[in-house]
1. Taking amide H positions as placed in the peptide plane 1.01 Å from N, state which residues far from Ser74 in sequence (5 or more) or on other chains have amide H under 5 Å from it.
2. Please give me the summed charge of the neighbours of Ala10: other residues whose Cβ is under 10 Å from its Cβ, Lys and Arg +1, Asp and Glu -1.
3. Residue by residue through region 213-225, what is 3J(HN,Hα) from phi via Karplus (6.51 cos²θ - 1.76 cosθ + 1.60, θ = phi - 60°)? Round to whole Hz and write x for glycine and proline.
4. Evaluate region 3-224: find the radius of gyration of its Cα atoms, find its Kirkwood radius, and give the ratio Rg to Rh.
5. Once you've got the GNM for the chain with C-alpha springs shorter than 10 Å, pick whichever of Ala104, Ala191, Ala123 has the biggest mean-square fluctuation.
6. Arrange the following residues from fewest to most other Cβ atoms within 10 Å of their Cβ: Glu34, Glu78, Glu62.
7. Which whole-Hz couplings ³J(HN,Hα) result when phi for each residue of region 28-39 is put into the Karplus expression 6.51 cos²θ - 1.76 cosθ + 1.60, θ = phi - 60°, listed in order with x for Gly and Pro?
8. Under 22 Å Cα to Cα from Lys122, which lysines show up? Leave out anything in the same chain fewer than 8 places away.
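Each value in this text was obtained by applying a stated rule to the coordinates, not by laboratory testing. What you are looking at is a predicted structure, and each value in this text was computed from that prediction instead of being measured. Neighbour counts are summed over all protein chains in view; Cβ atoms, including those assigned to glycine, are modelled from backbone coordinates with ideal geometry.
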Amino acid sequence: NSIAAIVPAAGVGSRMQHNAPKQYIKLAGKTILEHTLAKLSQLPQLSRIVVAISDTDPYFDELPQIDSRVIRASGGKERADSVLNSLFFLEANPPQWVLVHDAARPLVNIDDINTLINECIKANEGGILASKVKDTIKRGHTYSEQTVPRDDLWQALTPQLFKYDELKSALQNALVNGVTITDEASAIEWANKPVKLIAGRSDNIKITTPEDLDLAGFLLNKQQN
Ligand code: CTP
Ligand code: MG
């Protein structure tokens, strides 16, 4: 049951409106990407940690080395391209499973990742961390037209764990068919394969806009103490 991690970290962070990509913003003493890699380095099950980085990124090679399992691969145009490039990078010696985790989610809880890995391997099915929607959800444009029943609604988080071969063919098929792929699970669903929902902590936020920074910094400081 070999598992490799893939960390998409090739985005430009347009919604963050910061001079460098958001994964290089420092919070609680180090960059967001270093926090994320430090979390994954606590998982001895991972054989390799492939980080998808843009070819024009000057920052990654300047970071202190966190873990000897970390390897740089080339990112792509969209997040799904970065993940697919990382899968191709592993092609010569593929793992059985891949654990895909956004660089922008440094707050992830290690126990949640272990639960995801254990449940998926036990069921021999792929799955994702997700959290039940807590807010009242409205559908509409200028006016609310409807309140959407939320009992079966989940927010998709990462990590997402799938079999290497299944994820590679699902992503390739979805991309050639022009399907919008915002996470691994959307490609797997499109391929009609199961995606287990594993409840994870909702403070595993994806740092996206400037107002996420104070909360993330507070939580990272708290986790380190
Ligand atoms: N990502 C990637 N390759 C891309 C785009 C995104 O590896 N071509 C990564 C980001 O670096 C991030 C994760 O995918 O760790 C989630 O994407 P998102 O939060 O959308 O980050 P950005 O695309 O950088 O931000 P924005 O959409 O605001 O530009
Ligand atoms: Mg993006």
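1. It is Ile53, by chain and number.
2. Spelling it out: positives minus negatives among the neighbours equals -2.
3. 5, 4, 4, 4, x, 4, 5, 5, 4, 5, 5, 7, 9
4. Over the Cα atoms of region 3-224, Rg/Rh equals 0.96.
5. Comparing Ala104, Ala191, Ala123 in a Gaussian network model of the chain, the most mobile one is Ala123.
6. The fewest-first ordering by Cβ neighbours comes to Glu62, Glu78, Glu34.
7. Result, rounded to whole Hz: 6, x, 8, 5, 4, 4, 5, 4, 5, 5, 5, 5.
8. Straight-line reach from Lys122, under 22 Å: Lys163, Lys168, Lys193, Lys196.
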